[in-house]
Amino acid sequence: MRGSIRENSSGAWRRTLTVGLEGFASGLPLMSISSLLQGWLTSSGIPVGMVGLLGLSELPYTLKLFWAPLMDRWAIPWPDRRRGWMALLQLLIGVALLGFTFLHPGAAPSELLLIGLAAILVAVLSASQDVVLDAYRTDLLPSTERGVGAAAATLGYRGAMLFIGAGGFVIAGKFGWRIAFLTAAVLMLAIAPLTLLAPKLAKIQHPVPNLKEAVIGPAREFLGRTGGRRALQILILVMLYRWPDGLLSMMAVPFLIQSGFAPEVIGTVQGGWGIGAAMLGTAIGGLFFSRLGLNRALWIYGIIGAISNLAYWGLARFGGGFKGLLIAVSVENFCSGMVVSAFLALLMSLCNPRFSAAQYALFSGVYALSRSVLSTPGGLVAGQVGWSTFFALTIAAAVPSLLLLTVIAPWKENLPRGAFDPSRDAT
């Protein structure tokens, strides 16, 4: 009996460490083609307007839901349907990052074009990797481990942000930008063999038989499982749950600049201290998740996340200087980290393993609307009502999702209504 408990505990730790490592693999290429590449181009004398065009390279992360069904349909069978794709994409990303070491930003316009194309290539490969990583994590983790797993994946992702955003620039300062990209490439290539040694997925009983089923099946299965009305409620919940966080993060930097904080101070506090606070919050959220269960975590973390925006309200209303800035950034990022652990567990609970790549991509795409569309008018609202009132309104933005939780994730139940239940799966 004790041996069985130790084996289960060992398996849980292995799964947790694996999703943490793969979270690092997810964040590394994105930060390489955004933060690191921006630094290289700017230091090479490329006009800021041209550097800004790098934002287009992030489009694949938005559009990935359109090719996600292909990864449900055409699995690479060895070592299993997800890790085959993961290892291949990690090798390709590593080689693509290695390609930057042969490029010269200031040499000629054609060289800039090659750099732009290389960035888009890495983005397409990285977005595709994210599709499979999300599916692997969803398929691998039992429901009791999803909170901890979501926290581990987020910690790994933010660890990559810190490594590239801080360590990459230190390496570039001492040894040059090409060595920084070489380091990123070597790390990515080193993760691929570790992926092949990661925990294996069980064989799926009913693989997707054809492309039509891969495209239509995810939506049909979700609607069949939930019903049209509940499906709509779930999608709205996914879109609105992190809306308070999206509204605040969209306007945080403009507010801080207008409040008189220097850009380098904002960058240091938000990029270093803030990420550290978010990582701590994510870890704490994952730690308590198993005791609370998904539904209660959604309630508690959602309320805490919304109320944490009071820290920015206080900074706007009463000031506080650098000390107030540290407090506001720490509180908001810590609580946001807790929210992320519950939210990712929610997305995983909604996916059928047959279609987890497509369904997770769909849900994450719906969530992205809260940042790309619903949070966009934040600047106009802040300009009309002032910063303190705006931050108070971001707290009120949590009300719609809390009302939906009463229907979708009642406090006394363990799983959201409409979540995938393997014991009832007849497909």
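The values are calculated or read from the model by the stated rules, or taken from the named source; none is laboratory data. The structure presented is a predicted model; accordingly, all values stated were derived computationally and were not measured. Cβ: placed from backbone, ideal geometry, glycine included. Neighbour counts: every protein chain shown.
Scanning segment 312-348 for residues that are free of Cβ contacts under 8 Å to residues at least 40 places away in the same chain and either more than 19 Å from residue 388 (Cβ to Cβ) or surrounded by 22 or more Cβ atoms within 10 Å (Cβ to Cβ) (or both) gives a single hit, 328. The condition (being out of contact with any helix residue (DSSP H, G or I) (no Cβ under 9 Å at 6 or more places or on another chain) and either more than 29 Å from residue 337 (Cβ to Cβ) or not in a helix (DSSP H, G or I) (or both)) is satisfied by just one residue among 113, 88, 92: 113. Output yes when any residue across segment 349-365 is within 23 Å of residue 304 (Cα to Cα), free of Cβ contacts under 8 Å to residues at least 60 places away in the same chain and assigned to a helix (DSSP H, G or I), and no when none is. Scanning segment 349-365, I find no residue that is within 23 Å of residue 304 (Cα to Cα), free of Cβ contacts under 8 Å to residues at least 60 places away in the same chain and assigned to a helix (DSSP H, G or I), so the answer is no. There is no residue in segment 374-382 that is outside any helix (DSSP H, G or I), among the polar types (S, T, N, Q), in contact with an Asp or Glu (Cβ under 6 Å, 6 or more places away or on another chain) and buried (at least 19 other Cβ atoms within 10 Å of the Cβ). Inspect segment 243-255 for any residue being under 22 Å from the mean Cα position of the chain (by Cα), of a type in the set (Asp, Glu) and more than 22 Å from residue 420 (Cβ to Cβ) and give the result as yes or no. Yes, that holds for at least one residue. Residue count for segment 323-357 satisfying the condition of being more than 15 Å from the chain's Cα centre (by Cα) and either hydrophobic (A, V, I, L, M, F, W, C) or over 14 Å from residue 244 (Cα atoms) (or both): 19. For segment 296-303, check the following and say yes or no: at least one residue is without any contact (Cβ under 8 Å) to a residue 60 or more places away in the chain, under 16 Å from residue 337 (Cα atoms), assigned to a helix (DSSP H, G or I) and within 19 Å of the chain's Cα centre (by Cα). Yes: one or more hits. The residues of segment 253-270 include none that are at pLDDT 85 or above and either farther than 16 Å from residue 318 by Cα or not assigned by TED's automatic domain parsing to the domain that holds residue 334 (or both).
Restricting segment 257-278 to residues that are farther than 24 Å from residue 27 by Cβ and of a type outside the set (Val, Ile, Thr), the residue that is surrounded by the most Cβ atoms within 10 Å (Cβ to Cβ) is 261. Of all residues assigned to segment 44-65, none qualifies as being buried (at least 20 other Cβ atoms within 10 Å of the Cβ), part of a helix (DSSP H, G or I) and β-branched (Val, Ile, Thr). Among the residues of segment 236-274, those that are outside any helix (DSSP H, G or I) and in contact (Cβ under 8 Å) with a residue 12 or more places away in the chain comprise 241, 242, 259, 261.
A search for C-beta distances below 9 Å between a residue of segment 133-158 that is without any contact (Cβ under 8 Å) to a residue 60 or more places away in the chain and surrounded by fewer than 24 Cβ atoms within 10 Å (Cβ to Cβ) and any residue that is in a helix (DSSP H, G or I) and not aliphatic (A, V, I, L, M), counting only pairs 6+ apart in sequence or on different chains, returns 142/15.
Among residues of segment 207-220 that are assigned to a loop (DSSP other than H, G, I, E, B), those with a beta-carbon under 6 Å from a residue that is surrounded by 15 or more Cβ atoms within 10 Å (Cβ to Cβ) at least six positions away or on a different chain give the pairs 208/72; 208/73; 208/214. Restricting 166, 153, 172 to those that are in a helix (DSSP H, G or I) and either modelled with pLDDT of 90 or more or within 30 Å of residue 386 (Cβ to Cβ) (or both) reduces the list to 153. Would you check if residue 420 is in contact with a Leu (Cβ under 8 Å, 6 or more places away or on another chain), at pLDDT 90 or above, surrounded by 14 or more Cβ atoms within 10 Å (Cβ to Cβ) and not assigned by TED's automatic domain parsing to the domain that holds residue 19? So residue 420 fails the test. When segment 159-183 is filtered for residues that are touching a residue at least 40 places away in the same chain (Cβ under 8 Å) and of a type outside the set (A, V, I, L, M), the ones remaining, listed by number, are 159, 163, 165, 168, 169, 177, 178, 181.
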